[in-house]
Amino acid sequence: MLGLSDMQPRQFAAQVLNFALVLSTAFMLWKGLSVATDSPSPIVVVLSGSMEPAFERGDLLFLWNRGLDTQVGEIVVYNVKGKDIPIVHRVVRRYGGGKTPLKLLTKGDNNLADDTELYATNQDFLTRKEDVIGSVVGFIPFVGYVTILLSEYPWLKQAMLGIMGLMVVLQRE
Amino acid sequence: MSATTKIAVHSLADLKNTTDDALPNYLHSLKFRQIHNQTDVRLVLGYSAVIIAGALFYFDYKFGWEASKPYTAPAVVAYFILNSAFSYWLWFVEAGTVYEGEGSTGKVRIASSTKKHIPIYECDVLFTPAGSNLQQKIHIRAPMTRWFTSDGYFVAKPFQQWLASEVPIIGAADPSNVVEEIGRGSETERTLNATGNNAIDVLEQLKASGAKVSTGSGRRRKA
Amino acid sequence: MHSVLVRVQNVFGFFTTVAFSVAAVIALSTFIHPQTPSATVALSNVQVVRGRPHYYSYKKEEYAHVKFDMDADLSTLFNWNTKQVFLYLKAVYPSTKAGEPSSEAIIWDAILPGAAAPYNQNHFLHPLPKGTKPPKSRKPKSGESTSPYPRGVLKLKNQRPKYQITDMTGKLQNRTDARLELGWNVQPWVGAQVWTNWQDLGMWKALEGGRSEVFAFPAIGAKKKVDTSTEKGKEGHRLEAGGEQPRRNNV
């Protein structure tokens with residue numbers, strides 16, 4: 001079963017294809033979900049405790065970005081301009097939304113102050129269209145904790161991918 | 001041509017895979033030339049889907065979500081169409097084909113399968129003897145115990161004998177392996193597509209290709 | 001089952017399938033649980049002050065301090081899949097630009113825990129009616145309610161808000177047609193997030209009441225000192241490292 005040497009080239013190509021198909025199907029499903037929800041990241045993992053007790057670190061959130069008329073009380077995920085960290089907080093104020101762009105102010109449930117300090121300099125409000133990447137519609141607890149572990153220990157990611165790759169190429173089930 | 005690797009005897013998948021690997025090797029040794037069309041089509045379909053996915057990944061990595069948004073939807077659609085075509089090809093057209101090839105005694109195509117949890121190796125064999133274009137289809141099966149030892153080694157000889165005895169074309173190419181009794185006895189079924197018109201032809205060809213027509217199985221009826 | 005690895009794989013796969021199915025059943029079952037929420041909201045007092053509402057405000061602007069009365073019965077919102085109900089009261093007032101939708105701002109919120117939710121410092125502590133002695137201070141057990149009323153019932157009189165409201169334009173005085181509106185977000189243990197339903201939705205009746213009368217923001221008060229202290233929740237000034245960082249490092 002583990003004999004790589006007596007595999008012919010076509011067979012080897014077929015094995016590699018199986019592995020590549022698994023990866024690409026996963027990637028394409030993710031992209032398909034992105035297109036359906038119109039969000040660059042349709043599933044996010046909660047990284048900080050600023051929304052406790054609603055969300056803990058490691059919870060998985062499902063986003064929907066097609067509801068552009070975000071209401072107060074909804075939970076949105078946004079990126080601070082210039083930074084790449086997604087922040088999950090609740091909308092506490094809204095202004096505009098007709099011809100002028102919709103402006104939102106957010107605050108974490110577990111934070112004393114609202115997010116004005118987190119926004120970019122001279123930015124007092126988020127713009128719904130540009131800054132927000134989605135609104136939370138569904139939630140599964142704990143499941144995302146694996147990704148937190150993977151990002152905090154990057155060698156884990158390499159190890160996992162390596163093992164998975166080896167197993168798919170060498171086994172034929 | 002004994003395998004030197006040991007496999008887990010209880011794993012049906014391992015048994016089948018080892019047997020599947022041995023089949024082309026045996027036929028190759030009989031100077032059959034393998035036709036790779038099916039495999040090639042499958043590889044082309046599969047790899048083109050993978051290339052689309054890879055291209056989208058690269059584009060997204062380089063240019064980000066906003067720039068690649070107009071390309072993402074068509075790429076996803078194209079990928080899943082190709083993937084479905086690939087799956088269709090794999091499941092329905094290839095349908096488990098392990099070997100397709102041509103030799104001096106004719107063309108042969110072998111598709112193998114196993115039923116869940118039953119260690120019997122089943123083959124659908126389509127063959128066309130040399131010099132005719134009459135395609136025959138037979139279904140042969142044998143328990144895997146015929147060519148595996150109890151500790152998991154594959155023994156080629158009984159496997160070759162089984163194939164040669166059951167499939168006339170292979171038997172014609174390898175008469176030394178055509179035997180009456182291969183290890184333990186087993187049931188073999190054969191269904192020949194013999195209609196009223198070509199029954200005589202089929203019988204003549206079978207005789208010519210060396211299959212042993214069993215004698216004494218019943219009284220010969222005078223035509 | 002020819003090797004330990006295969007057995008482990010099969011067990012893990014089965015576990016995942018079962019867990020996923022159970023979660024799906026739980027998530028869907030909340031939609032057949034009947035709900036009949038009702039509330040009355042009334043304005044108690046409103047003041048507009050000119051000043052710096054937050055420590056990080058860099059300019060003086062007009063901000064409003066709105067006190068309210070609320071009598072709500074939201075006990076039917078709680079079911080086996082409710083982790084918490086985030087209740088909020090928002091002030092809705094028309095925008096200065098014609099044709100724009102109303103501006104909205106939350107003035108008060110409360111986190112009402114579900115029965116099985118572990119204790120968190122942010123959980124809402126219902127103010128005790130006058131004359132009741134507060135119980136000896138101890139950490140309440142999970143699910144225990146420290147409120148004199150059953151879970152989901154709130155009766156607040158002359159409640160101070162948690163947040164002052166400012167407007168983008170910086171001007172709030174003398175603006176008319178403002179209203180207070182109640183809203184909630186039910187956070188499930190697993191499944192879909194739900195917000196206030198103003199329409200009937202199957203077994204879920206719409207919210208009865210929940211809107212106050214229309215009022216106007218008054219002019220800025222006379223020179224006498226006004227009490228605009230807000231209700232402070234127990235949230236920490238928590239902006240987690242690696243998650244979010246405050247720009248300024250005062251406080």
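The values are calculated or read from the model by the stated rules, or taken from the named source; none is laboratory data. What you see is a predicted model, and the numbers here were worked out from it, not measured in a lab. All Cβ positions, glycine included, derive from the backbone under ideal geometry; neighbour counts span all protein chains shown.
Pairs needed: first member in the range A:17-40, within 9 Å of another protein chain (Cβ to nearest Cβ); second member anywhere, surrounded by fewer than 19 Cβ atoms within 10 Å (Cβ to Cβ) and of a type in the set (A, V, I, L, M); C-beta distance under 7 Å; at least 6 residues apart or different chains. Note: pairs meeting the criteria are A:17/B:43; A:18/A:168; A:35/B:73.
On the basis of being surrounded by 15 or more Cβ atoms within 10 Å (Cβ to Cβ), in contact with a Lys or Arg (Cβ under 9 Å, 6 or more places away or on another chain), assigned by TED's automatic domain parsing to the domain that holds residue B:20 and not basic (Lys, Arg), does residue B:72 make the cut? Taking the combined requirement at face value, the residue does not satisfy it.
Being within 13 Å of chain A (Cβ to nearest Cβ), in contact with a Leu (Cβ under 7 Å, 6 or more places away or on another chain) and among the aromatic types (Phe, Trp, Tyr) is the filter here, so list the residues in the range C:179-222 that pass it. Within the range C:179-222, C:184, C:198 qualify. Being on the phi > 0 side of the Ramachandran plot and not hydrophobic (A, V, I, L, M, F, W, C) holds for only one residue in C:99, C:114, and it is C:99.
Among the residues of the range C:13-30, those identified as under 25 Å from residue C:200 (Cβ atoms) and surrounded by 15 or more Cβ atoms within 10 Å (Cβ to Cβ) are C:26, C:27, C:30.
Kindly indicate the residue of the range B:88-108 that is in a helix (DSSP H, G or I) and exposed (fewer than 14 other Cβ atoms within 10 Å of the Cβ) and also farthest from the other protein chains (Cβ to nearest Cβ) among those meeting that condition. Only one residue tops the list, namely B:92.
Take the range B:27-50 and flag every residue that is more than 18 Å from residue B:94 (Cα to Cα), more than 9 Å from chain A (Cβ to nearest Cβ) and not in a loop (DSSP other than H, G, I, E, B).
B:27, B:28, B:29, B:33, B:48 - these are the residues of the range B:27-50 that are more than 18 Å from residue B:94 (Cα to Cα), more than 9 Å from chain A (Cβ to nearest Cβ) and not in a loop (DSSP other than H, G, I, E, B).
Pairing residues of the range B:5-18 that are farther than 17 Å from residue B:111 by Cα and within 7 Å of another protein chain (Cβ to nearest Cβ) with residues that are surrounded by fewer than 18 Cβ atoms within 10 Å (Cβ to Cβ) and at pLDDT 80 or above, at Cβ distances under 6 Å and at least 6 apart in sequence or on separate chains, gives B:7/B:152. Residues of the range A:52-83 that are in contact with an Asp or Glu (Cβ under 7 Å, 6 or more places away or on another chain), free of Cβ contacts under 8 Å to residues at least 40 places away in the same chain and at the interface with another protein chain (Cβ under 10 Å from one of its Cβ atoms): A:72 alone. If I filter the range B:149-156 for residues that are surrounded by fewer than 19 Cβ atoms within 10 Å (Cβ to Cβ) and at pLDDT below 80, do I get at least one hit? No, that holds for no residue.
Residues are listed down the side, and each one gets a yes or a no for (1) within 25 Å of residue A:116 (Cα to Cα); (2) within 11 Å of chain A (Cβ to nearest Cβ); (3) crowded, with 18+ Cβ neighbours inside 10 Å:
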position: C:38; (1), (2), (3): no, no, no
position: C:51; (1), (2), (3): yes, no, no
position: C:55; (1), (2), (3): yes, yes, no
position: C:60; (1), (2), (3): yes, no, no
position: C:90; (1), (2), (3): yes, yes, yes
position: C:93; (1), (2), (3): yes, yes, yes
position: C:98; (1), (2), (3): no, yes, no
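One residue alone among B:145, B:114, B:195 is β-branched (Val, Ile, Thr), more than 20 Å from residue B:101 (Cβ to Cβ) and modelled with pLDDT under 60, and that residue is B:195. Within the option set A:94, A:128, A:90, being of a type outside the set (A, V, I, L, M), buried (at least 20 other Cβ atoms within 10 Å of the Cβ) and under 19 Å from residue C:53 (Cβ atoms) holds for one residue only, A:94. State whether the residues of the range A:146-161 include one that is of a type outside the set (Phe, Trp, Tyr), part of a helix (DSSP H, G or I) and touching a Lys or Arg at 6+ places or on another chain (Cβ under 7 Å). The answer is yes; a qualifying residue exists.
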